[in-house]
Amino acid sequence: MTPTPWRLPVLSPRFLPVWRRNFLVWRKLALPSILGNLADPVIYLFGLGFGIGMLVPEVGGVSYITFLAAGMVCYSTMNAATFEVLYSSFSRMHVQRTWDAILNAPVALDDVVFAELVWAASKALLSGAAILLVVTLFGFVEPRYVLWVLPLIFLVGLVFGALGLVVTALAPSYDFFMYYFTLFITPMMLVSGVFFPAEQLPEALRAVTGLLPLAHAVQIGRPLLLGQMPQDVGLHLGALLAYGAVAFWLALALMRRRLLK
């Protein structure tokens, strides 16, 4: 009897060598990779922070660039994880056939997909930590709870890595990813409180926005970077964990159906 692709994940420590393989390949281009992930949010931070900040004295009782800094940490993390599981993971799975070679070893597809997820979260952690260091050095955040943001960055990397893997499992080519960015990532970035308080949105749109994973990340990250404890932190963490768990299960099921025919 053929096992259903929708069964629960079965994971083992064998994902670690796969993660290490990705790390060793990336290490050759580590510095350009980090700088590339850092450039986009830094440009947004200083361009919008000082530009709009000249027109908007304060947002939520702090300067606009301080308000924006916390959003940029979450935005950078989301982008790093998303790009890794879309373009790099798709290349290893479909173009380079790296996964096919790995699966000839005693490693299950569950471990390969989980390794891709953890690797994406690891790269997101590096990217998020880099922008976090920048905003801390420039004094845009209150350093009291800064280190508490690092576990959040890794969790956000896992969540968006898992969501991206769902798209990767369905994608016939690289062009397919533009739909994901245009229809999901970009609109979510604009309404999740990264650039302006979500409270300014119409009530109906605000209700939808409150369900988005990036909005939950910002609701935790911004208070921490302002030296405050987040409200309803359990609710936001639970939502992120639920997104990550369901998305990973769905991505793995789709990968099984695609690759283990």
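Counting only residues that are open to solvent by less than 30 Å² (accessible area, probe 1.4 Å) and within 14 Å of the chain's Cα centre (by Cα), which one in the range 138-154 is farthest from Glu116 (Cα to Cα)? Working first, answer last.
Our first condition is that a residue be open to solvent by less than 30 Å² (accessible area, probe 1.4 Å); within the range 138-154, this holds for 140-141, 146, 149, 152-153.
From what's left, within 14 Å of the chain's Cα centre (by Cα): 149, 152-153.
On the way: Val149: 23, Leu152: 19, Ile153: 17 Å.
Restricting to residues being open to solvent by less than 30 Å² (accessible area, probe 1.4 Å) and within 14 Å of the chain's Cα centre (by Cα), the top hit is Val149.
Filter the range 168-185 down to residues that are surrounded by 14 or more Cβ atoms within 10 Å (Cβ to Cβ) and of a type in the set (Gly, Ala, Ser) and give me whichever is nearest to Leu250 (Cα to Cα).
Ranking the candidates gives Ala169 first.
Based on what the data block shows, is Val194 touching a Cys at 6+ places or on another chain (Cβ under 8 Å), among the hydrophobic types (A, V, I, L, M, F, W, C) and more than 30 Å from Pro17 (Cα to Cα)? Before the answer, list the steps.
Working: touching a Cys at 6+ places or on another chain (Cβ under 8 Å): yes; among the hydrophobic types (A, V, I, L, M, F, W, C): yes; more than 30 Å from Pro17 (Cα to Cα): yes.
It is true that Val194 is touching a Cys at 6+ places or on another chain (Cβ under 8 Å), among the hydrophobic types (A, V, I, L, M, F, W, C) and more than 30 Å from Pro17 (Cα to Cα).
I'd like the full set of residues that are open to solvent by less than 50 Å² (accessible area, probe 1.4 Å), at pLDDT below 85 and among the hydroxyl-bearing types (Ser, Thr, Tyr), limited to the range 1-39.
Scanning the range 1-39 gives a single hit, Ser33.
Please work out which residue is surrounded by the most Cβ atoms within 10 Å (Cβ to Cβ), limiting yourself to the range 52-91 and to residues that are of a type in the set (Phe, Trp, Tyr) and farther than 16 Å from Ser127 by Cα.
Per the criteria, the residue is Phe67.
Enumerate the pairs (first residue in the range 204-225 and under 16 Å from Tyr243 (Cβ atoms) and touching a residue at least 40 places away in the same chain (Cβ under 8 Å); second residue anywhere and in a helix (DSSP H, G or I) and open to solvent by 70 Å² or more (accessible area, probe 1.4 Å)) with beta-carbon separation below 6 Å, excluding pairs fewer than 6 apart on the same chain, so at least 6 apart or on different chains.
Note: pairs meeting the criteria are Pro213/Tyr243.
Can you go through Ala253, Ala215, Ala245, Ala204 and tell me which one is open to solvent by 70 Å² or more (accessible area, probe 1.4 Å) and of a type in the set (Gly, Ala, Ser)? Before you say what the answer is, go through the steps one by one.
Working: Ala253 fails: open to solvent by 70 Å² or more (accessible area, probe 1.4 Å); Ala215 fails: open to solvent by 70 Å² or more (accessible area, probe 1.4 Å); Ala245 fails: open to solvent by 70 Å² or more (accessible area, probe 1.4 Å).
None of the others qualify; the one that does is Ala204.
Is the range 127-147 home to any residue that is in contact with an Asp or Glu (Cβ under 6 Å, 6 or more places away or on another chain) and touching a residue at least 12 places away in the same chain (Cβ under 8 Å)? Walk me through it before giving the result.
In the first step, residues of the range 127-147 are kept if they are in contact with an Asp or Glu (Cβ under 6 Å, 6 or more places away or on another chain); the result is none.
No, there is no match, as no residue in the range 127-147 is in contact with an Asp or Glu (Cβ under 6 Å, 6 or more places away or on another chain) and touching a residue at least 12 places away in the same chain (Cβ under 8 Å).
Inside the range 160-257, counting only helices (runs of 4 or more DSSP H) that do not spill past its ends, which hold 2 or more residues that are under 19 Å from the mean Cα position of the chain (by Cα) and of a type outside the set (Val, Ile, Thr)?
Result: 177-180, 186-191, 213-225.
The values are calculated or read from the model by the stated rules, or taken from the named source; none is laboratory data. Bear in mind the structure is a predicted one, so any value in this text is a computation, not a measurement. Using ideal geometry, Cβ is built from the backbone for each residue, glycine included, and neighbour counts are taken over all protein chains shown. The protein model used for the area step is the full one, side chains on, heavy atoms only, and it has no ligands, DNA or RNA in it. Shrake-Rupley method; radii C 1.70, N 1.55, O 1.52, S 1.80 Å.
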